[in-house]
Amino acid sequence: MEQIIATVRGFDGAFVLVPEAGGGLPEIAWGDAFCYYAPDGRMLEKTQPYATAVTKDHPYDSASDLDPPGRWRVNIHVGRTRAEELVGPPRRADDGPVDHTAADTVLPHPVYGALGWICVVDPGPRTTDLVLRLLRSAHEAARARHERGAERRTGRTD
């Protein structure tokens, strides 16, 4: 997980939030990481992360079985088209379950897969390079959204 966070922090304009005890954020978020494009080091209100790294099961998301020590999952917004290229079309109820506990495998996100999110539990030799490329692409997409938003906020297009 440290490699992922260090890589993202190296992207121009990246802001990685890693909540800890006493920081004012909910305990459920402590130890997880949230990746944003924030060129001035401050997140805009209502901005969603383009990637996260989670270190434990959450009440609404336990399909990956992240509570055992050392397990974690990286989640990346890649968009619906790219997600379908990586993991296939959105699954229907009659397709059967996905094993979201599988490590080092690109999977649809167990909660947000239909919204263009993919995930990898414990990235390893098969997926780390791809994960790093997808993080770079997600960062660049977040930068483009930020710049379009800045144009709308200021009315400028330069």
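The values are calculated or read from the model by the stated rules, or taken from the named source; none is laboratory data. Here the structure is a predicted model, which is why all the values come from computation and not from measurement. Glycine also receives a Cβ, built like all others from the backbone with ideal geometry; neighbour counts cover every protein chain displayed.
Counting just the residues of region 9-64 that are hydroxyl-bearing (Ser, Thr, Tyr) and at pLDDT below 95, which one comes out nearest to residue 146 (Cα to Cα)?
The qualifying residue nearest to residue 146 (Cα to Cα) is 47.
Is there any pair linking a residue in region 43-56 that is closer than 23 Å to residue 120 by Cα to one that is in a loop (DSSP other than H, G, I, E, B) and of a type in the set (Asp, Glu), with Cβ under 6 Å and at least six apart or on different chains, and which?
Here the result reads 54/32; 55/32; 56/67, each pair linking region 43-56 to a residue that is in a loop (DSSP other than H, G, I, E, B) and of a type in the set (Asp, Glu).
Please go through region 1-27 and pick out each residue that is more than 14 Å from residue 137 (Cα to Cα) and touching a Lys or Arg at 6+ places or on another chain (Cβ under 8 Å).
Hits for region 1-27 are 15, 16.
Could you check region 115-158 and list, in sequence order, the residues that are assigned to a loop (DSSP other than H, G, I, E, B), surrounded by fewer than 17 Cβ atoms within 10 Å (Cβ to Cβ) and either at pLDDT 95 or above or among the β-branched types (Val, Ile, Thr) (or both)?
Within region 115-158, 124, 125, 126, 157 meet the criteria.
So for region 38-56 (the condition being more than 23 Å from residue 79 (Cβ to Cβ), outside any loop (DSSP other than H, G, I, E, B) and in contact with a strand residue (DSSP E or B) (Cβ under 8 Å, 6 or more places away or on another chain)), does at least one residue qualify?
The answer is no, given that none of the residues of region 38-56 is more than 23 Å from residue 79 (Cβ to Cβ), outside any loop (DSSP other than H, G, I, E, B) and in contact with a strand residue (DSSP E or B) (Cβ under 8 Å, 6 or more places away or on another chain).
So in region 28-42, with the set limited to residues that are without any contact (Cβ under 8 Å) to a residue 24 or more places away in the chain and more than 14 Å from residue 143 (Cα to Cα), which one is farthest from the chain's Cα centre (by Cα)?
For region 28-42, the residue satisfying everything is 30.
So which residues in region 1-24 are surrounded by 11 or more Cβ atoms within 10 Å (Cβ to Cβ), assigned to a helix (DSSP H, G or I) and not polar (S, T, N, Q)?
4, 5, 8, 9
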